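The values are calculated or read from the model by the stated rules, or taken from the named source; none is laboratory data. Note that this is a predicted model, so its numbers are computed, not measured. All Cβ positions, even for glycine, are placed from backbone atoms using ideal geometry, and neighbour counts span all protein chains on display. These accessible areas exclude ligands, DNA and RNA; they are computed on the full protein's heavy atoms, side chains included. Shrake-Rupley method; radii C 1.70, N 1.55, O 1.52, S 1.80 Å.
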Amino acid sequence: MRKPVIAGNWKMYKLLGEAVDTALTLKPLVANANHCEVVIAPVFTALKSVADRVEGSNIRVSAQNCSTEAKHGAQTGEVAADMLRDVGCSHVIVGHSERRQFYGETDATVNLKTKAVIQTGLTAIVCVGEKLSERESGNAESVVKTQLKGSLDGLTVADMERIIIAYEPVWAIGTGKTATPEQAQEMHGVIRRSLAESHGRDVAEATRVLYGGSVKPDNIRSLMDQPDVDGALVGGASLDAESFAQIVNYKV
Ligand code: PGA
């Protein structure tokens, strides 16, 4: 059985104090959520403080990005995965569409970052997803498969234990337009079949595939009802502790 993951991506929204406040408010609200793993992803500067505050709870902390290089690189301005582990992170979001779109990340970059995360012993939340034009031209499937193959290139079966996939159609991110549960299920099925081809059936069956794109308290349940939807990567609705807690507690 795949344990669901509900992850909140706080993007570049919260100052340190706001991030700590949200984490502290969230902690008791999700304390009984044993049905899923709860992850929050604050901005770099808040990671250590947030990780310290949620230590010992069921909340895990994720970074939103990391360097392709390990510590000791001459890489001004970058943050290595081992540094993220050092401040209490267990996860790193890699290849979010905003990074692909605004910072030129390619599948090759995402692949290097994913490997850097795994080598450090952290879990990578690898994001894939098509743009609206790609969906409208009928290429959504091939775009997602290509991203997936490129991002996971060279990973072994053992490496895949540290991989979570997030399917985030770009047209659904921050737009209020959620993919229908059927659209999500269809692409999650494609992703699982593609994982079976690349890494075998066992890996495909064990890998959590999250949906992201305008997930809210009122649509989480119908998404989670889909057999291949194993959780959510939540942006806007994760910024408020109460609304994120409602999503985490979709089952309760
Ligand atoms: P959204 O963002 O929930 O605000 O659409 C999701 C994401 O970008 O991960």
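Quick notes
- Whole-Hz couplings from phi, Karplus 6.51/-1.76/1.60, listed for the stretch 42-54; x for Gly and Pro: x, 5, 3, 5, 9, 4, 5, 5, 5, 4, 4, 6, 9
- Charge tally for Ile125 (other residues, Cβ to Cβ under 13 Å; Lys, Arg +1; Asp, Glu -1): +2.
- Average accessible surface for the chain: 45 Å² per residue, computed with a 1.4 Å probe over protein heavy atoms with every protein chain in place.
- In Hz, Karplus ³J(HN,Hα) per residue of the stretch 141-154 (6.51, -1.76, 1.60; θ = phi - 60°; x = Gly, Pro): 4, 5, 4, 5, 5, 5, 4, 5, 4, x, 6, 9, 4, x
- Based on Cα contacts under 8 Å between residues 6+ apart, the stretch 65-130 shows a relative contact order of 40 percent.
- Net charge of Cβ neighbours under 15 Å - reference Ala108; Lys, Arg +1; Asp, Glu -1: +1
- Here's how it looks for Ser67: its modeled amide H is under 5 Å from those of Val79, Ala80, Ala81, which are all 5 or more places away or on a different chain.
- Calculated from backbone phi, Karplus (6.51, -1.76, 1.60) coupling profile of the stretch 94-103 in Hz, x at Gly/Pro: 10, x, 4, 4, 5, 6, 5, 6, 9, 10
- Between the stretch 134-152 and the stretch 42-62, the C-alpha centres lie 33 angstrom from each other.
- For the residue pairs Lys48/Lys145; Lys14/Lys251; Lys71/Lys145; Lys113/Lys177; Lys3/Lys115; Lys3/Lys27, the alpha carbons lie more than 25 Å apart in Lys48/Lys145; Lys14/Lys251; Lys71/Lys145; Lys113/Lys177.
- Within the stretch 127-223, all pairs of alpha-carbon atoms sorted by distance into 10 Å bins from zero give the percentages 16, 50, 28, 6.
- Carbon-plus-sulfur accessible fraction, the stretch 142-181 (probe radius 1.4 Å, protein heavy atoms only): 54%.
- Taking Ser151, Ser133 and ordering them by how much accessible surface each has at a 1.4 Å probe, largest first, produces Ser133, Ser151.
- Using bins of 5 Å that start at zero, the share of Cα-Cα pairs per bin across the stretch 1-114 amounts to 2, 11, 21, 22, 19, 13, 7, 3, 0, in whole %.
- Prolate/oblate/rounded call for the chain, Cα gyration tensor, a/c under 1.5 rounded: rounded
- FRET efficiency estimate (nearest 0.05) - Cβ-Cβ, Ala108 to Glu69, R0 22 angstrom: 0.95
- Two-site label geometry, Thr146 and Phe44: point separation in nm, points 7 Å out along Cα→Cβ: 3.0
- Remark: the stretch 52-108 is approximated by an ellipsoid whose semi-axes, taken from the C-alpha gyration tensor as √(5λ), come to 23, 16, 8 Å, largest first.
- Residue order for Glu69, Glu55 - accessible surface, 1.4 angstrom probe, largest first: Glu55, Glu69
- Less than 5 angstrom separates the built amide H of Gly212 from those of Tyr167, Glu168, Leu233, all sequence-distant by 5 or more or on a different chain.
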